[in-house]
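The values are calculated or read from the model by the stated rules, or taken from the named source; none is laboratory data. This structure is a prediction, so every number in the text was calculated from the model and none was measured. All Cβ positions, even for glycine, are placed from backbone atoms using ideal geometry, and neighbour counts span all protein chains on display.
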Amino acid sequence: MKDLTGRVAAVTGAGSGIGRALATELARRGAELALCDIDEPGVSGVAAEIERLGSRVTTHAVDVADRSAVEEWADKVAADHGRVNVIVNNAGVALGASVESMSYEDFEWLMDINFWGVVHGTKAFLPHLKASGDGHIVNVSSVFGLMGIPSQAAYNAAKFAVRGFTEALRIELDMDKTSNVSCTTIHPGGIKTNIARNGRFDPESVRAMGQDPDRIVDAAEKAFLTDPDKAARVILRAVENDRRRAFIGPDAHLFRALSMLPPGIYQNLIRLGSRIKI
């Protein structure tokens, strides 16, 4: 998919952060947009910006954890726009808690959005992408889909799962000679979004790592190195070049290198690094 002009792109989590930046960048490249977010006022604000850029846009309030809602949205996008060429499964949330302290409720909340949301979006849109004759699936994993991080077991679980799911799908699509659909796994590092501020954190888990629970969100946001607009450009370049993986930010490339080390080495480095006051 070398040219996104005239293509129809659907984006989840489009009300803020990477999703918002992607929607705007896609509009600049001449794509039609179908946007969803659980935050209806947020996604409506993004739509107003896109309309000023001259692109057609539709919006829906969708909880990606709700399979039926995602399936209904996918069918409506195809009906309203006539086709769908791109789905970006971007919606995500954060949770900081140790395995021992983490509640099942919080674990399920994160998995329902960060993993099942990706599955729902992929499966709901795949038939429409195939029908378009030229489609691409973008699934957002993370650098935490490469390495385990203390207090991030739930997030790791979801993002490792997204990576494995998407890489298996890529092979299946490569083997399918009857369609022209592909997919890419995205591994962002720290992107300047509100994901940490909107996340859930267990204070005792944060203290166990030697950090201050009252400062953890601000400290995390200071470590975010890459702005969403740059992330959007990297993602769309990966689509245009049909890349299997894309890494966003210098920290993503560092994580990629560390993940290639023997587990005993990288895990000890992570353990030592997690004790540094931030």
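Some values worked out for this structure:
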quantity	calculated
All positions within the range 1-23 that are of a type outside the set (Val, Ile, Thr), buried (at least 24 other Cβ atoms within 10 Å of the Cβ) and outside any helix (DSSP H, G or I)	Ala9, Ala10, Gly13, Ala14, Gly15
Near pairs, Cβ below 8 angstrom, 6+ apart or cross-chain, from the range 140-168 (in contact (Cβ under 8 Å) with a residue 40 or more places away in the chain and closer than 19 Å to Phe224 by Cβ) to any residue that is in a helix (DSSP H, G or I) and of a type in the set (Asp, Glu)	Val143/Asp251
Residue ID - surrounded by the fewest Cβ atoms within 10 Å (Cβ to Cβ), chosen from residues in the range 24-37 that are touching a Leu at 6+ places or on another chain (Cβ under 8 Å) and under 17 Å from Arg83 (Cα atoms)	Gly30
Some residue of the range 38-46 being among the β-branched types (Val, Ile, Thr) and out of contact with any helix residue (DSSP H, G or I) (no Cβ under 6 Å at 6 or more places or on another chain)	yes
Positions within the range 38-56 being within 22 Å of the chain's Cα centre (by Cα), aliphatic (A, V, I, L, M) and either over 22 Å from Ile113 (Cα atoms) or surrounded by fewer than 14 Cβ atoms within 10 Å (Cβ to Cβ) (or both), in sequence order	Ala47, Ile50
Some residue of the range 157-176 being out of contact with any helix residue (DSSP H, G or I) (no Cβ under 6 Å at 6 or more places or on another chain) and in a loop (DSSP other than H, G, I, E, B)	yes
Selection from the range 215-260 of residues that are surrounded by fewer than 18 Cβ atoms within 10 Å (Cβ to Cβ), within 25 Å of Glu167 (Cβ to Cβ), touching a helix residue (DSSP H, G or I) at 6+ places or on another chain (Cβ under 8 Å) and of a type in the set (A, V, I, L, M)	Leu258
Criterion violated by Gln152 - all others in (1) over 21 Å from the mean Cα position of the chain (by Cα); (2) crowded, with 19+ Cβ neighbours inside 10 Å; (3) modelled with pLDDT under 95 satisfied	(1)
Any hit, the range 165-182, residues being among the small types (Gly, Ala, Ser) and within 20 Å of Ala65 (Cβ to Cβ)	no
Some residue of the range 180-197 being out of contact with any strand residue (DSSP E or B) (no Cβ under 9 Å at 6 or more places or on another chain), surrounded by fewer than 20 Cβ atoms within 10 Å (Cβ to Cβ), modelled with pLDDT of 90 or more and not in a strand (DSSP E or B)	no
Options Ala238, Ala231, Ala246: the member that is in a strand (DSSP E or B), modelled with pLDDT of 95 or more, of a type in the set (Gly, Ala, Ser) and under 20 Å from Gly19 (Cα atoms)	Ala246
